Every structure is written in structure tokens, then in C-alpha cells.
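Computed from the coordinates by the stated procedures, all read-outs in this text should not be read as laboratory data. Computed from a predicted structure; not experimentally measured. As a convention, Cβ positions derive from the backbone with ideal geometry for all residues, glycine included, and neighbour counts pool all protein chains shown.
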Amino acid sequence: MNRYSRIVGTGSALPGEPVSNAELVRRLAERGVVTSDEWIVERTGIRQRYLAGAGVTSSQLACQAARNALAAAGLEAREIDLIVVATSTPDYVFPSTACLVQKALDAPGGAAFDVQAVCSGFVYGLATADAMIRTGIANRALVIGAEVFSRILDWNDRSTCVLFGDGAGAIVLTADTCPGVRAARLHADGRQEAILRTAGNLSGGAIVGHPYLTMNGQAVFRLAVSVLDTVGRETVAAAGMTLDQVDWLIPHQANVRILDATAKRMGIARERVVVTVDQHANTSAASVPLALDQGTRDGRIQPGQHVLLEGVGGGFTWGAALVQI
Ligand code: ACO
């Protein structure tokens, strides 16, 4: 009998109250940084973001999203035998955020590890968990994207600090005789590592290098649109399907102009793209599962439909998974 993995529950977590562009503009003005609601909306489509308060960690947001996904799936945390957390803002250097989540959920014994592929992290984690379930290494997995990106932003750099937010999204993935995940494809080009990075580290008790995110926005924009198109087509073809059979496109939520350009290149109507970047800003590894959860809970994504999930981010990394709900 064929063995596949299937999404049986989704969940989200967003910290505190939304911070509107107007409120962000006011806070930045206090430190002499000039920006405007008009600039942010016109260039990015972002209208608000959630910012974690002091002491709120990626593992806490991940746990909250995981509990919501488990409730939707009707499963207990102790039934989970694999936890994959995609994050670039882990609580610690080690142990992994996944191990902290496992402890907080009181679900010991299964495998737990983090995936580091920045904004592609959730799709990398989903492809990894799918492969582990199909090969019998795991039976019931939590795949979580969780970030507190606000901690690695330079709040004096207006070209980056207005773009990001904090949050977590999770799915429960279980073994099934029906698909589920129909195909997944992952890529990276390490030669492009310098266009988007946080090039700092801990050494001898001190920060070495630069502890804040830096980005060549235009280079990222060009590459993102190109690879989201190619990997989307590659993944749909690998599933033996065509783009017109895709009911919903959920690309990484970096910027509404990237979403629009990607949908246009792929010939997918705007109405078939789930867009949350206006409400959440760019939450890196959390953005795709947050959008999937929103589209599921508001009733747009229906059982049996095909959803194309796409990630792109630092590394440079990109990937896609075609999933039947
Ligand atoms: N408010 C007001 N003005 C600003 C701001 C701001 N927050 N930030 C930059 N500007 C100014 C610049 O100083 C510049 O002014 P100048 O012309 O007087 O020099 C002007 O706006 C234009 O700056 P550009 O960087 O050329 O603006 P661009 O149109 O390229 O938009 C943006 C910048 C939004 C970052 C764009 O390049 C982009 O969308 N890139 C994609 C990157 C992205 O979305 N990254 C997210 C993370 S990556 C990922 O998730 C894959």
C-alpha cells in the first residue's frame, strides 16, 4: 500500500496587538528615523505587523501555534513523534527550538530538530517531514515556522525595519494512504548568500560580526520572482499536474509586489493567491503556515483542493510543495 503524508490540522500564533504603519512611523520618528504609511503601503503592501514583547520567544509562539494545530487535528501532543521547527531566530544557539517545543508540549521521545533555511524554512521543513513519514521514520509530525524577527532588525535602518513582523504557524502532518503532499522541490544557491543575511555570531562571550539583518532589496526582489515561478512550475509538473489545477497559491509573504509579479508570471489569478503580508508583514519562516492557517480557517481552502506552497529567502534558498488538503 502507498504511504503518503497529509495535513490534518493548522494553527497560528501572533504576539500582542497589531502595530499599524501609523504607529510604527510614530515610534521610528522618536529615534529620528523618517518613513511614512504611504511609502510602506506603496512599496510593500504592508499595513500592520505584530511585534513580540520583551521575553516572548520563538519557542513560545511555536508552542501556541502547535497547540492550535493539534486541536484542529483532534490529536494529543503525546501522539506526535517528530517536531520540525523552521526558524532563523531560535531561543538559543542550542538546544534547538524544536526540543524546547517538545518539552513545553510534554511530548518526549520522538525526533525534534530545527531547520535553518530562513524564509524558505517552512517549505524545507515540510519536505523533510514528508520524506520522513513516507519512509516510515515518523508517523505524526508537527512542522512549525516560528520567528521573532524584530530581534534581528536594525531599527535605525528604515529600508529593512518596516518590512518584518513576528509570529508562528504550524501544521500537523500524518501518515495516510492518500496524498497529501503530492510533490516537493528544494533549491539553494549559496553564491547569493550576501544579498540577504544576518552575518553575526557569538564567540568568546561577545557578538562577532554584524548582529542585524542586511539586504540588497532589489537583488532579492528580482531573484525571488524568478525562482518562485520556476520552482512552482517544477513542483506542479513533478506531481503530474498543470498550473490550472492549482486551487490556491501561497507564496512566501515578503511583499505584495513579489506576490503579484509571481502570480502574473505563473498565469494564476490574483483571487487564487492567499495574501496576508498586509496584516502580518514578512514573518520569514512563519509566513507560509500563517497564510495556510488563515485561508483554511476563513473557509477559502476546502478539503480536496490543491494548494501550492512556496518559500524563498536568505541563503539564497527556495522551494515549493504541492499539497492536496
Ligand atoms: N520609508 C521611506 N523611504 C524609504 C524607506 C522607508 N521605509 N526605505 C527606503 N526608502 C527610500 C530610499 O532611501 C530611497 O530613497 P532615495 O531614492 O532618495 O535614495 C527610496 O526609498 C527607494 O529605495 P529603494 O531601495 O530603491 O526602494 P525599492 O523601490 O527597491 O523598494 C524594497 C525597497 C521594498 C525593499 C524593494 O526592493 C523590495 O520589495 N525588495 C524585495 C525585498 C523584500 O521584500 N525583502 C523581504 C525580505 S526577503 C525575503 O523574504 C525573501
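Taking the chain as a Gaussian network of alpha-carbon nodes connected by springs under 10 Å, the highest mean-square fluctuation of the residues Ala206, Ala104, Ala168 belongs to Ala206. Each Lys and Arg adds +1 at its Cβ and each Asp and Glu adds -1 at its Cβ; summed about the Cα centre, the range 4-176 shows a dipole of about 40 debye.
Placing +1 at every Lys and Arg Cβ and -1 at every Asp and Glu Cβ, with all other atoms neutral, what dipole size does the chain have around its Cα centre, in debye to the nearest 20? Mind dumping the intermediate values first?
Working: 28 positive and 30 negative charges, 70 e Å.
Here the chain has a charge dipole of around 340 debye.
Considering only DSSP beta bridges with both partners in the chain, what is the antiparallel share in %, to the nearest 5? Roughly 70 percent of the DSSP beta bridges within the chain come out antiparallel.
Annotation note: trypsin sites (Lys or Arg not before Pro) in the range 1-55 located in DSSP loop regions with a Cβ neighbour count of at most 12 within 10 Å are Arg31. Counting every other Cβ atom within 10 Å of each residue's Cβ, Val33, Val246, Val274, Val323 order from fewest to most as Val33, Val246, Val274, Val323.
Might you report the magnitude of the Cβ-based charge dipole of the range 181-324 about its Cα centre, with Lys and Arg at +1 and Asp and Glu at -1, to the nearest 20 debye?
Dipole of the range 181-324, to the nearest 20 debye: 180 debye.
Could you list Tyr92, Tyr50 in order of exposure, starting from the residue whose Cβ has the fewest other Cβ atoms within 10 Å?
Details: Tyr92 12, Tyr50 21.
Ranked by crowding around the Cβ, least crowded first: Tyr92, Tyr50.
Quick check: net charge around Thr57, other residues with Cβ under 11 Å of its Cβ, Lys/Arg +1 and Asp/Glu -1? Result for the neighbourhood of Thr57: -2. For the range 4-176, the fraction of C-alpha pairs more than 29 angstrom apart is 26%.
Where is the GNM fluctuation largest for the chain (alpha-carbon springs, 10 angstrom cutoff): Glu30, Glu76, Glu193? The residue with the greatest mean-square fluctuation here is Glu30. A simple spin-label model places pseudo-atoms 7 Å from Cα toward Cβ; at Val34 and Thr135 they are separated by 5.6 nm. Once backbone amide H atoms are built at 1.01 Å from N, Asn139 has Asp81 as its partners under 5 Å, excluding neighbours fewer than 5 places away on the same chain. When only Cα pairs below 8 angstrom with a gap of at least 6 residues are kept, the chain shows a relative contact order of 25 percent. Could you state, as a whole-number percent, how many of the C-alpha pairs of the chain are farther apart than 35 Å? In whole percent, the long-distance tail amounts to 15.
What length, rounded to one decimal in nm, is gained on full extension from Val208 through to Glu23, with 0.36 nm per residue of separation minus their alpha-carbon distance?
On the way: separation 185, 0.36 × 185 = 66.60 nm, distance 3.28 nm.
Between Val208 and Glu23, full extension yields an extra 63.3 nm.
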